Amino acid sequence: MSDKAAGKREKNQAIVDSKIRACARDELASVGPVALSMRAIAREAGMASSAIYRYYPTREALLTALIVESYAELANALEAVTIAPGLYPELLWTLRANALRDWALANPHQFQLIYGTPIPDYQAPPETIPMAERVARCFLDLSPAEPATPVDDELAAQLEPLGGAPAAAILGALSQIIGHVSLELAGHFTGTADPADLLWAHVIRTQVRTIGLDAD
């Protein structure tokens, strides 16, 4: 096969792969990850059900591709938020937290795929870890020299590879952000903090102080 023919084949395969993933995202939004059907995705993509397995040999492989893609999209949204180096870390924290929430509200099914209820009988493979770390790194890179509130020594030691006590403060706050967004998407603020914008702003302002990002 000539280089030209091989290049054309690869391009066509990439187009079909992109269509499969787009149809899978539609199916994800309709039925959720547990009921995701390879046959239904193939039908929506206009291909034989057997053909989809040439691209994704198992349903789990397709789920993994969707998870990696979702993490990458979120990381891209966070990394796009920048300010001048070293200036106003509390502002960058707020902007990136807002970017995470905005992405989640615009892509709720993808957010729930990566942060929601675990999918029965699915074990995320190692290739999902670097993308999850990319998301966390967008916040860990803002770690202060020392957190404003004390961190347990054992926890700080456990997280020493990530930065110790400051990393503990950051990961705790990031967990709170993801939890808040998860509750909001599930409608749990209806009848209380509804809409949740003011509560969200309060949570982020409090985090800035407790992490120690406003120390300067």
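The values are calculated or read from the model by the stated rules, or taken from the named source; none is laboratory data. Owing to the predicted nature of the structure, the values given are computational and were not obtained by experimental measurement. Neighbour counts run over all protein chains shown; Cβ positions are idealised from the backbone, glycine included.
Residue count for the stretch 41-60, restricted to those that are assigned to a helix (DSSP H, G or I), of a type in the set (A, V, I, L, M, F, W, C) and either touching a Ser or Thr at 6+ places or on another chain (Cβ under 6 Å) or over 21 Å from Pro108 (Cα atoms) (or both): 4. Here Pro120 fulfils each of the conditions (1) part of a loop (DSSP other than H, G, I, E, B); (2) more than 21 Å from Pro33 (Cα to Cα); (3) touching a residue at least 60 places away in the same chain (Cβ under 8 Å) apart from (2). Selection within the stretch 31-44: residues that are farther than 13 Å from Gln112 by Cβ and among the small types (Gly, Ala, Ser). The member of this set that is surrounded by the fewest Cβ atoms within 10 Å (Cβ to Cβ) is Ala35.
Taking the condition aromatic (Phe, Trp, Tyr) and closer than 16 Å to Pro89 by Cα, does Phe139 pass? Break it down into steps so the answer makes sense when it comes.
On the way: aromatic (Phe, Trp, Tyr): yes; closer than 16 Å to Pro89 by Cα: yes.
So Phe139 fits the description; yes.
Summed over the stretch 45-90, the residues that are surrounded by 15 or more Cβ atoms within 10 Å (Cβ to Cβ) and either of a type in the set (Ser, Thr, Tyr) or in contact with a Gly (Cβ under 9 Å, 6 or more places away or on another chain) (or both) give a count of 6. Of Arg54, Arg43, Arg25, all but one fail to be farther than 30 Å from Val208 by Cα, within 19 Å of the chain's Cα centre (by Cα) and basic (Lys, Arg); the exception is Arg25.
If a residue counts only when it is among the charged types (D, E, K, R) and surrounded by fewer than 17 Cβ atoms within 10 Å (Cβ to Cβ), which helices (runs of 4 or more DSSP H) contained entirely in the stretch 127-200 have at least 3 such residues? Reasoning before the result, please.
Numbers: elements: 129-140, 153-158, 165-185.
Fully inside the stretch 127-200 and qualifying: 129-140.
Just to be sure before I move on: is Asp102 modelled with pLDDT under 95 and not polar (S, T, N, Q) in the structure I sent? The answer is no for Asp102. Hey, any hits in the stretch 67-85 for a residue that's without any contact (Cβ under 8 Å) to a residue 24 or more places away in the chain, part of a helix (DSSP H, G or I) and either within 20 Å of Gln207 (Cβ to Cβ) or touching a Leu at 6+ places or on another chain (Cβ under 7 Å) (or both)? The answer is no, given that none of the residues of the stretch 67-85 is without any contact (Cβ under 8 Å) to a residue 24 or more places away in the chain, part of a helix (DSSP H, G or I) and either within 20 Å of Gln207 (Cβ to Cβ) or touching a Leu at 6+ places or on another chain (Cβ under 7 Å) (or both).
Looking only at the stretch 76-94, how many residues end up being among the hydroxyl-bearing types (Ser, Thr, Tyr), within 16 Å of Ile177 (Cα to Cα) and at pLDDT below 95? Give the steps one after another, and end with the answer.
Initial filter on the stretch 76-94 (among the hydroxyl-bearing types (Ser, Thr, Tyr)): 82, 88, 94.
Adding the requirement that they be within 16 Å of Ile177 (Cα to Cα) leaves 94.
Filter once more, keeping what is at pLDDT below 95: none.
Qualifying residue count for the region: 0.
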